[in-house]
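To start, the structure under review is shown below, and the notes come after it.
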Amino acid sequence: MISFRHFALRRGSRLLLSDIDLVIQGGWRLGVIGRNGCGKSSLFAALQGTLEGDAGELEMSGKLRLASVAQETPALPDAAIDYVLGGDEELAAAIRDEVEAGERGDMEAMAKAHHRIEELNGYDGRARAGRLLHGLGFPPETHERAVQEFSGGWRGRLNLARALMCPSDLLLLDEPTNHLDLDAVLWLEEWLRRYQGTLLIISHDREFLDGVITHTLHLNDGKARLYTGNYSAFERLRAEQLRQQQISHEREQAERAHLQSFIDRFKAKATKAKQAQSRMKRLEKLSGTEAVRAERPFSFQFPAPGRLPDSMLQLEDIVAGYLADPSTHGNEAAHIVLSDVRFSIEAGERIGLLGPNGAGKSTLVKTLVGELEPFGGERKVHKDLKIGYFAQHTVESLREGASPLDHLQDKAPGVATQVMRDFLGTWNFAGDRAFESVDGFSGGERARLALALIAWDKPNLLLLDEPTNHLDLDMREALADALADFDGALVLVSHDRHLLGMVCDSFWRVADGEVATFDGDLDDYARWLKTRTAANKKAAKADATPKPVVKVVEVPPEERRRQGAAQRENEKAARQRVKKIETRTASIDTELAALEAQLADPATYNGATSDMMRLGQRQTELRGEKDALETEWLALVEQLES
C-alpha cells in the first residue's frame, strides 16, 4: 500500500502537486495521466526516492520491491540476454557467486550458491529472459549480441525487458510503448494484465491504457484525483463532473445575482434591513464554485494538396530489401525482406500497415518513398506525386542549434519571414518560440516541428512510420483529426491502435516475406497474432521433438469406425465448449458494460468507498475471466481447424 498525506511536490521553484491525500491499494494497475509538465514523472521520482516531497508525507510498505525502467543504457559488451537477466539482481549475484566459487574450487560456497539459485527458481532464468526478449521483438539470433551493437530504440526495449525481469511488488513504467511496434505493444499489454504486483504506468496510448489499467489517477492544476476504471471510464466520468461543475457554477451565479439585487435594492430601507443582512451573510457563505475553464485543444491541419492524381504510386512484382554492406553493390550482398510485392495507392486511400516486428513494414515504406531501390520489379510514380515522409529517425535529424524558423528557411529560402512565422504559429510555434533552438525542445515539440515541415510542402501522399512517439494524448488527438481531414492519400505504420482505427479505411499485412490485404479490423489482427504465436510454438515444439520410427500397422475396419466415432465425439464436445465460451463471453461483455455505466455515474461516488472498490474488483475479475476464456477459445478453434 502507498499513501500520500497532505503531500506536496516541487521542481525547482515550481510547485507541481499540493495537498495530495491519496491511498493506492496493492494489486491496482494505475494509469497516471495529465498534460505534459503536470508532475507525472516527478511523482515517479518521489516514489523511487530520487526526489523529496516539499511537504506532507509519502508512506510505502518497508519491504516493497520496486522496479522501473532505466533511462540510459551504457554501451556494454554484455550479451543482450545477460543484460536482461541482470535485472534480477539477487539471481545475478547468486550466479556470480556460483561461478566464482567454482573458479576457486570452494565446493561449500558453490553448493550454497547452487541452493540459493534453486530457491530463486533461477535455473530457468535464462529462458524467462529469452521469452521477454522475444515478446519485445528481439529475434532469437540477436539474444547473444552485445548491448553496444543495438540502436537507441532497441536499447530502450532492453531496459524495459530488464525491468520486467526484476522481481517486484511495485512496477513503475513511464511511456513503455515508445519505440515499440504494435505486436510488442499487444504482447506487453498481455504481460502487464498478468502482473501480480502494483503497477503505476504513464502512457499517452489510450487503447493500451484501456487494456491494462484498473484505476486512473488524473493530475491537473496541482491536484490528484483518483477514478475507478480504465481511461475511457475516466473520460466519461470527467466529462460528467465538468458538466455538473458548470451547472453548479451557473446556478450559483444566478443565485448570487438574485441576492445582490435584493441587497442593492433594500439594504438602505429600515423595514428590509434585517432581510438584506441575512442575504448578505448567505452570499458570503456561497462556496464559489469555479466555472469550467474551456481548455482549447491544440489543433492543426495539413494543407490541401495542389494536385491529386488518381493513380499515385504502384509497386509491380517488387523484390525489396537492403544491402548487407552499403559499400557493396550487386544482388549477391542483398538481404531480401519482401518478394513479389504488388501494391498500389490511389487518390484518397488511407492504408494502415500491420505485421510482426521485423517483417518488413519499414522496408516497404522506404521502397514506396524511393529511399530503397528494389532488387527486382518496377516502381511507378505519377508525375504529380508529392510525398510527405515521416520516418522513425526524422525527429533525430533536426539540425541542432537551429530554430523552427531556420528549418523552414532551409526549405523555402525566398519566402517572406512573416509568412513563415504565420505558418509556424498554426503549429503552436508562435511568437518567440519560432526563434528558439530545438536543443531545448521536448521530444513531442520536435515531432510537431517535423510534421510542420512536412505539411509546408503540401504533399498529396503521406507516408508516416511511427509518428506518435513522444506525442502526448492531446497532440495524438490533434494528429488524428488532421489526418482524418487530409484530402490526400495516407500510408501509416503505428503502434497506436486509436490512431490506426480513427484514420485508416483498410489494412495491409506484412508477414512472412509477403504483402497482402488484411480482411479484418485491429481486434481481428490481435486474434490472428495470438493464433500465429501459438502455431509457431507448436511447430517449434514439433521440430524439437525426436521423430520416432513409425511402423505401419493395418487397422481393422471396426477399430477405424471406433476411432472415427471417438474423434467425432471429441469434435462435438469441443464445438459445444466453444459455444459455451462465446455465450459466457457475451454475458461478461454485458456485465462489464453495466459496471462501466455504474462507474461512469457520479452518484456511485457518493456511496461508501467499499462499494466502489467492490465494483472495481468485480471489473478486474471479469476481465481476467474473459482473457482466460479467449485463450481457451483460440486453442479449441485451432484444434477444430486442424
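Scanning for something among the acidic types (Asp, Glu) and modelled with pLDDT under 65, does region 588-608 turn up at least one residue? Within region 588-608 (the criterion being among the acidic types (Asp, Glu) and modelled with pLDDT under 65), the answer is no, since none of the residues qualifies. Being crowded, with 17+ Cβ neighbours inside 10 Å and assigned to a helix (DSSP H, G or I) holds for only one residue in LEU462, LEU449, and it is LEU449.
Across region 345-356, the qualifying residues are those that are assigned to a loop (DSSP other than H, G, I, E, B) and either crowded, with 19+ Cβ neighbours inside 10 Å or among the aliphatic types (A, V, I, L, M) (or both), and the one among them that is modelled with the lowest pLDDT is PRO356. Restricting the first member to region 617-642 and to residues that are aromatic (Phe, Trp, Tyr), and the second to residues that are assigned to a helix (DSSP H, G or I) and modelled with pLDDT of 80 or more, the beta-carbon pairs closer than 6 Å and six or more apart or on different chains are TRP633/ILE581. Quick test for you: out of ALA111, ALA127, pick the one residue that is under 30 Å from LEU160 (Cβ atoms) and surrounded by fewer than 18 Cβ atoms within 10 Å (Cβ to Cβ). Only one candidate passes the filter, namely ALA127. Residues in region 178-234 that are among the aromatic types (Phe, Trp, Tyr) and either open to solvent by 10 Å² or more (accessible area, probe 1.4 Å) or farther than 30 Å from VAL493 by Cβ (or both): TRP187, TRP191, TYR195, TYR227, TYR231, PHE234.
Within region 358-388, the residues that satisfy the criterion of being open to solvent by less than 50 Å² (accessible area, probe 1.4 Å), in contact (Cβ under 8 Å) with a residue 60 or more places away in the chain and outside any strand (DSSP E or B) are ALA359, GLY360, LYS361, SER362, LEU364, VAL365, LEU368, VAL369, ASP384, LEU385.
Residue-by-condition table, conditions (1) at pLDDT below 90; (2) more than 23 Å from GLY86 (Cα to Cα); (3) not hydrophobic (A, V, I, L, M, F, W, C):
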| site | (1), (2), (3) |
| --- | --- |
| GLU144 | no, no, yes |
| PHE150 | yes, no, no |
| ALA161 | no, no, no |
| LEU171 | no, no, no |
| THR214 | no, yes, yes |
| ARG236 | yes, yes, yes |
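Determine whether PRO413 is open to solvent by less than 40 Å² (accessible area, probe 1.4 Å) and not in a helix (DSSP H, G or I).
no
Taking the conditions (1) at pLDDT below 90; (2) over 28 Å from the mean Cα position of the chain (by Cα); (3) not hydroxyl-bearing (Ser, Thr, Tyr) in turn, ALA359 satisfies each one other than (2). Residues in region 157-175 that are aliphatic (A, V, I, L, M) and open to solvent by 20 Å² or more (accessible area, probe 1.4 Å): there are none. Screening PHE486 with (1) at pLDDT 90 or above; (2) open to solvent by 50 Å² or more (accessible area, probe 1.4 Å) gives one miss only, at (2).
When TYR123 is tested against the conditions (1) modelled with pLDDT of 90 or more; (2) in contact with a helix residue (DSSP H, G or I) (Cβ under 8 Å, 6 or more places away or on another chain); (3) among the hydroxyl-bearing types (Ser, Thr, Tyr), the lone failure is (1).
Looking only at region 389-410, which residues are assigned to a loop (DSSP other than H, G, I, E, B), open to solvent by less than 60 Å² (accessible area, probe 1.4 Å) and either touching a strand residue (DSSP E or B) at 6+ places or on another chain (Cβ under 8 Å) or over 14 Å from PHE441 (Cα atoms) (or both)? Within region 389-410, ALA391, THR394 meet the criteria.
The residue that is farthest from ASN159 (Cα to Cα), counting only those in region 65-97 that are assigned to a helix (DSSP H, G or I) and open to solvent by 40 Å² or more (accessible area, probe 1.4 Å), is ASP97.
Summed over region 295-330, the residues that are touching a Lys or Arg at 6+ places or on another chain (Cβ under 9 Å), open to solvent by 70 Å² or more (accessible area, probe 1.4 Å), outside any strand (DSSP E or B) and modelled with pLDDT of 70 or more give a count of 2.
The values are calculated or read from the model by the stated rules, or taken from the named source; none is laboratory data. These figures come from a predicted structure and were not determined experimentally. Cβ atoms come from the backbone with ideal geometry, glycine included; neighbour counts cover every protein chain shown. The protein model used for the area step is the full one, side chains on, heavy atoms only, and it has no ligands, DNA or RNA in it. Shrake-Rupley method; radii C 1.70, N 1.55, O 1.52, S 1.80 Å.
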